[in-house]
Amino acid sequence: MVTYACRFFFCSLAMVFVKADNLQFVFFQLYKMAMRPDGIYFPWLRLLLMTIIPMAMIASAPARVLLDPPDYGVLIWAILAGPTFVWLSNKFWKRTLKHYASASS
């Protein structure tokens, strides 16, 4: 769900920006970062990838649950992050549709 929400958010940005060619490149770079364990990143980057742009939830949260002692904060965040970010990306989509001006006008 988190991957879908982040991808939908980046696709929604195409409605805002006139030239949005590189947005998918940014998404795939974040996706590549998410496939690595979050422990290798600086603390500020780990916080960014686990909360604000929750791409690290894709691989790090399941790995932590399986391999490390139980961290219930990460487990609860992993369960709540998907629906929360799907809802936020949907709200962002609706907002971009309200402010959309077609390319031909």
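The values are calculated or read from the model by the stated rules, or taken from the named source; none is laboratory data. Note that the coordinates shown come from a computational prediction; the quantities given were computed from them, not determined experimentally. Neighbour counts are summed over all protein chains in view; Cβ atoms, including those assigned to glycine, are modelled from backbone coordinates with ideal geometry. Calculation scope for accessible area: heavy atoms of the full protein, side chains included, ligands and nucleic acids excluded. Shrake-Rupley method; radii C 1.70, N 1.55, O 1.52, S 1.80 Å.
Compute the signed sum of charges (Lys and Arg +1, Asp and Glu -1) over the other residues within less than 15 Å, Cβ to Cβ, of residue 59.
Taking every Cβ under 15 Å from that of residue 59, the sum is +2.
Pull out a ≥ b ≥ c, the square roots of the eigenvalues of the alpha-carbon gyration tensor of the chain, then state rounded if a/c is under 1.5, prolate if not and a/b is larger than b/c, and oblate in the remaining case.
Verdict is prolate for the chain.
Can you give the extra length, in nm with one decimal, that the chain gains between residue 15 and residue 46 once fully stretched, where that is 0.36 nm per residue apart less the Cα-Cα distance?
The span from residue 15 to residue 46 would gain 8.3 nm if fully extended.
For the chain, what is the calculated [θ] at 222 nm in deg cm²/dmol (nearest 500), taking -39500 (n - 2.57) for each run of four or more DSSP H residues and dividing by its residue count?
-20500 deg cm²/dmol
Run the numbers for residue 97 and residue 24: contour at 0.36 nm per residue of separation, minus the present Cα-Cα distance, in nm.
Working it through step by step, the gained length comes to 24.3 nm.
Counting pairs of alpha carbon atoms under 8 Å apart in space and at least six apart in sequence, what relative contact order in percent does the chain give?
With pairs under 8 Å counted, the relative contact order is 39 percent.
How much of the accessible area of the chain, in percent, comes from carbon and sulfur atoms when a 1.4 Å probe is used?
The computed percentage sits at 70.
Per residue, how much accessible area does the chain show when a 1.4 Å probe rolls over the protein heavy atoms, in square angstrom?
Solvent-accessible surface per residue comes out at 69 Å².
Anything in the chain that counts as a DSSP H helix reaching 15 Å or more along its axis (C-alpha) with Kyte-Doolittle mean of at least 0.0? List them, would you?
2-16, 23-34, 72-98
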